[in-house]
Amino acid sequence: MSTNDPTGPGHKPARRQALNCLATWTGAAVVWTVAGGVPRALGATREGTPAAAAKNALTFVQISDTHIGFHKEANPDVVGSLRRAIADIHALPQTPAFVVHTGDVSHLSKPEEFAQARDVLQEIRVDRVHTIPGEHDTIDDGVNGYLKFFDHDGKGKSWYSFDQGGVHFIGLNNVLNFKMGTMAALGDEQITWLKGSLARVSHSTPIVVLAHIPLWTVWEPWGWGTADSAQAMALLRPFGSVTVLNGHIHQVLQKVEGHIALQTERSLAYPLHTPGQVGIGEPGPVKVPAGELGKLLGTRQLSVVRGQHDLALIDKPLEA
Amino acid sequence: MIYELARNAAHPLLACAGLVLVFCAVFATPAIGVVAPPATAVDIKKFAFAPKEITVAPGTRIIWTNRDETPHTVTSTNKSFASKGLDGDDKFEHTFTSEGDFSYFCTVHPFMTGVVHVRKQ
């Protein structure tokens, strides 16, 4: 099943539109296409045939929450799941320009987990894998352990931006500033950097933001939100096309707010429950019968087509 | 015969005495500081500390055990104690020597909070 295309023709998203809970336990990879302004979903690939991206489109792939080092019953072989996703990426009809990984690369922030993750990610035949940290990557020593393996620009910072194919990409770290009883936050230093970085970008430039935890409050009792996301959203609002790609919640959800489309992605390790269900009080790994797990993990291909407002995305499960 | 019995009987006594001496040498001197203080268990289960709030006497050792499959930490807000990331079944312990209220949380899931009240009883 594809994710909805909330900004398609004739669609006028209401501000503060209610959560469009796609929570399909079936998708997996999302292909993003940016053609002309905003990422558009290309369509579902469960049937095996991704919709073709425009030839001039910038196409890239999102993966998330690999949790390398996890070895419990919910998925005893997370490396195997990642390698299956890599095989899917290599089988795409249009080679993606790069891959983004939206955090929780490791499970326990251990150096050997980061090293193994880096080695396996290097097997992906793309120019580059852009990563951002999740809270599992910052457990013992803040983001320092992660940066020893995944320092994007060699500047010792876990946030960054780059331009490619006419799109301005921003990687954020919203797993710092954990304070008791609150949700995670970006923090003042990063907000200030984001403001300065966006000041140099024209409002007609499509923006793609990567952040691990959703930049909207999905479910506060589980910490599924970013305490100071409103400040970041205010900085993004003037732009005509903004796509926010999140991980963390191990399922596909979408929200549209004005010209900002926020999407979460499946994990490549294990599923989590949809929040707010009666009797399910915590976001622990969900154990599913053998043969079902591959349907709940997945990747996402995205394309940006110049001249179009939306990014195209295809969520694809590891196993249809 | 009698001598033999006496000698044989003396052996276990001597052995016992020796053991007592060894015991004293090893354990008696440092007993004041080294003997494990009374321990109290706190479970980390279903993304919560159980019990969430606990009152103990000074000198109590608290042992936290992560019963979840998800990593958690035990991190005090005043930095007086902090565990590493605890994987499933990992333990962390801290001995509370002075009176006070010690709040703590999990840095991975900051909505998980707990407090240790240390009071003379």
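The range B:36-118: Rg/Rh from Cα coordinates, Kirkwood Rh? Write down the numbers at each step before the final one.
On the way: Rg = 11.5 Å, Rh = 12.4 Å.
That ratio equals 0.93.
Could you pull out every residue, at least 5 positions away or on a different chain, whose amide H is within less than 5 Å of the one on B:T60? Hs are placed 1.01 Å off N in the peptide plane, and Pro or chain starts have none.
B:F96
Peptide B:86-96: average number of partner chain Cβ atoms within 10 Å per residue?
If you average over the peptide's residues, the count of other-chain Cβ atoms is 1.
Past 21 Å, Cα to Cα: identify those pairs from A:K72/B:K46; A:K155/B:K84; B:K45/B:K120; A:K72/B:K84, in the order given.
Pairs exceeding the cut-off: A:K155/B:K84; B:K45/B:K120.
Testing the spin-label approximation: label points 7 Å from Cα along Cα→Cβ at B:K91 and A:T182. State their distance in nm.
3.5 nm
Using only the alpha carbons, work out the radius of gyration and Dmax of the range A:68-110 in angstrom.
Computed over the Cα atoms of the range A:68-110, radius of gyration and Dmax are 12.5, 36 Å.
Give me the inter-chain shielding for B:59-71: mean count of other chain Cβ atoms within 10 Å, whole number please.
Averaged over the peptide's residues, the number is 3.
A:H130's amide H: which non-local residues (gap 5+, or another chain) put their own amide H closer than 5 Å, with H modeled 1.01 Å from N in plane and none for Pro or chain starts?
A:V99, A:V100, A:H101
Quick one: Cα centre-to-centre distance for the range A:250-320 and the range A:129-183, in angstrom?
For the range A:250-320 versus the range A:129-183, the Cα centre distance is 21 Å.
Calculate the mean, over all residues of peptide A:133-142, of how many other protein chain Cβ atoms lie within 10 angstrom of the residue's Cβ.
Mean inter-chain Cβ contacts per residue within 10 Å come to 3.
Where a number appears in this text, it was derived from the coordinates with a stated rule and is not lab data. Keep in mind that what you see is a predicted model, and the values were worked out from it rather than measured. Cβ atoms come from the backbone with ideal geometry, glycine included; neighbour counts cover every protein chain shown.
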